[in-house]
Each structure stands twice: as C-alpha cells, then as structure tokens.
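The values are calculated or read from the model by the stated rules, or taken from the named source; none is laboratory data. Not measured: the values here are computed from a predicted model. Because the Cβ atoms are built from the backbone with ideal geometry, glycine has one as well, and the counts that use them run over all protein chains shown. The accessibility values were calculated without ligands, DNA or RNA, using every heavy atom of the protein model including side chains. Shrake-Rupley method; radii C 1.70, N 1.55, O 1.52, S 1.80 Å.
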Amino acid sequence: MTQSIPTTALQLRSLVQADGSLQISLEPTPVPTPGPDEVLIQVQATPINPSDIGLLLGPADLSTVQVTGSDDRPVVTARLPERAMPGMAARIGQSMPVGNEGAGLVVAAGSSPAAQALLGRTVAVIGGAMYTQYRVMPAAQCLPLPVGTTAAEGASCFVNPLTALGMVETMKREGHTALVHTAAASNLGQMLNKICQKDGIGLVNIVRKPEQAALLRGIGAQYVCDSSAPTFMADLTDALAATGATIAFDATGGGTLAGQILQCMESAINRNAKEYSRYGSAVHKQVYLYGHLDTRPTEIQRTFGMAWGIGGWLLFPFLGKIGDAAAQSLRERVAAELKTTFASHYARTVSLAGALSADAIAFYGPRNTGAKVLIDPSL
C-alpha cells in the first residue's frame, strides 16, 4: 500500500518531578522503520482504562490541574499530595509513555511473510506507549481484526476482556463455582455479566448507586447489591447464599468493602452449617484486590473465621502463570465475540490534544461509571 508516513509524530508522555508536580505533554518522536518481523501501525483508537489513568495522572490532585501551551500542544500540570511521593520515587524524572492497548491500520511492514501479511490490515495490539500517532510492534503480537471491524471496535479487546475472562478462569482453577465483582457497572463489569450469563456462572454484582444497579439489571444481571443501601449487608448475604460465591474481585481496593464481602460470605455459608466451630467455617473465602478506586487503607475486621485470604490480582502475571496455550485460548474467544460479549462503549472520542483538555481530564479522571473515553490519535 502507499501512504505518506511522516518522519516524526506526537506521543503523549507523563512526568513526575521531584518537587511533587506532574506534567503531561505531547512530545515529537521519530517514527521508526519496522524491522523484518515488525509492522508500523497508524494508531486510530486507544482507550483510557483505569490502569492507564494510574500512569497518566498518578495520584495527582485533580483540583490543581492547569492546562497551558497551545491548542495542538497542550501541557497539563498538577500537584501530587506529599503523602503520595514515596510511591512515585521510581518514576521521578522519567518522561513515561502511556496507553496499554489500541488498534489501527498497518501502514508499513518488514520483509518477513508474517509482517507483509498484515500490511493494510486493521490490527489490535497491547504493548504500552499506545497514546501516540504511530507505533511499531512485532507482527506476532498483532491481532488482525475480522473484516468489517473498526479500530474503535477493536481498541479495547485486550485489557478488559482478558481481565473478565481471567477472573472466571481463576475462579475455576481455584475450585470456586461462583464469584463476586465490585464496581460492577463498569465496561469490564458488563462484560463479566455477559460471560457469566452465557456460561451459566453465578455472579454477584456490587455497585455504589441505584442507577448502576438499574443498568446491570437492564442487561440481565440477577444479583445486584447496592453498597449505598441500608440493607446492603443483608442483600449481599442473600445473594451469596443463593449463588454459593466464595471468591471476589474487588476494584475498589481501599476501605471496608473487602472485609464486608468476607463477612457476608461467612454468614451465607453458616446458614447451612451442621455444627458450631469457634474457628469459623472450613470453606475457604478469597478476595482479590485488582484495583484502587478507593485510595484509603484496606480495613479488615476479622469476623469470618480462619479460612480466608486477601491478595492482589493482575492480568499479566495471571496470563504468564497459565501459559501460552491457555492465554491464546482466551484471546481467541475475545476475537470471536468482539462485537457481542466483549463490545466496549465510550462516552467520548477525543484527539491526543483533546485528551489533555481540562474538561476531558475532569470527565475521565475520577474514573466514574459511564465516563470511558477513547483517544483517536489520527484526529
């Protein structure tokens, strides 16, 4: 194919400085020439996921955001709380590229048959540094999208879909039969509901607002518990008793929710207990923290016996643990159900410069449900 390819392009970068300031800017970078087994992708769609916001904005105080520079080259600055600076020590002074995943058109390819086969194709990739106009990737790491699939439709086919499938796979591998998910009205949460409905798996959804509960029930969710309701603990216990869920994935991370889930699991199990044990039930109850929407410390009040665990869960270590064959099987399911089970929905599409406007940051920065933003660097 013939397409004019520039020698330089813009890339979004995030910098934390020793004085506690954050700077986000668009920097000109050379457009690389692909090697024999590589392709050059014109990035046309890349989502702002919560994991991306963690690198993009870090723990910045959003009330201090200021935007200077020009319309096409804005510069964002913000202050980081002093208490957060120790956790930023490893990235101070490093201008870091952002963006986990995305999709776009292959406009140049190396000499290998595998690379040449992708020339002119729309592909999805996960490789970091995706908030850029052009990205070189190994051909083997590209997922060719089915004919008729747009870059926007394929942009989010890795992080959220594989995370949802990974949760179900973890549940099965650890001997559980149903699961709990918090912040459940998110794009990821909606995907998880579709997976569990399709596969006949019990799922208990925890949300924070009545409208989020209504959203999930509208897509067929059976068990939805609103943590803001005065009956939350009773509702959660009833849902856990009905499903038998003994594993949970908590996106909030901080506060008391993880401990409340374990407490309600124990209460649900004890409804059918044959005898009392001062050590609690022998059924293992597990909560995995995979996000940090609540920045408070995680608080646990041990009212649920001794058979329990709390740990961290991340997608990429999980994929490495299960091996290439199992991970590829999950990817193949995503590709097959990209427009159904794993369809993503965006509230806004913005350019690279548009992603750095004060209005856009105020919209996606708090990570609220329904505020998912897609960046189109080709705009």
Test: residue in the stretch 261-270 that is of a type outside the set (Asp, Glu), touching a residue at least 24 places away in the same chain (Cβ under 8 Å) and surrounded by fewer than 13 Cβ atoms within 10 Å (Cβ to Cβ): no
Filter result (open to solvent by 10 Å² or more (accessible area, probe 1.4 Å), within 24 Å of Ala268 (Cα to Cα) and under 16 Å from the mean Cα position of the chain (by Cα)) within the stretch 161-211: Ala183
Cβ pairs under 8 Å, 6+ apart, first in the stretch 166-177 and aliphatic (A, V, I, L, M), second surrounded by 13 or more Cβ atoms within 10 Å (Cβ to Cβ) and in a loop (DSSP other than H, G, I, E, B): Met167/Trp313; Val168/Ile201; Met171/Thr177; Met171/Ile201
Qualifying residues in the stretch 311-353 (those that are open to solvent by 60 Å² or more (accessible area, probe 1.4 Å) and of a type in the set (Val, Ile, Thr)) - the one nearest to Asp71 (Cα to Cα): Thr349
Where Phe158 falls short, out of the listed (1) modelled with pLDDT under 95; (2) out of contact with any helix residue (DSSP H, G or I) (no Cβ under 8 Å at 6 or more places or on another chain); (3) among the aromatic types (Phe, Trp, Tyr): (2)
Leu165 being aliphatic (A, V, I, L, M) and assigned to a helix (DSSP H, G or I): yes
Pairs where the first residue, in the stretch 219-243, is among the small types (Gly, Ala, Ser) and the second is assigned to a loop (DSSP other than H, G, I, E, B) and surrounded by 16 or more Cβ atoms within 10 Å (Cβ to Cβ), C-beta under 8 Å, 6+ apart: Ala221/Ala184; Ser227/Arg208; Ser228/Arg208; Ala239/Ala245
Lone qualifier among Ala221, Ala268, Ala245 - being within 16 Å of Ser186 (Cα to Cα) and not charged (D, E, K, R): Ala221
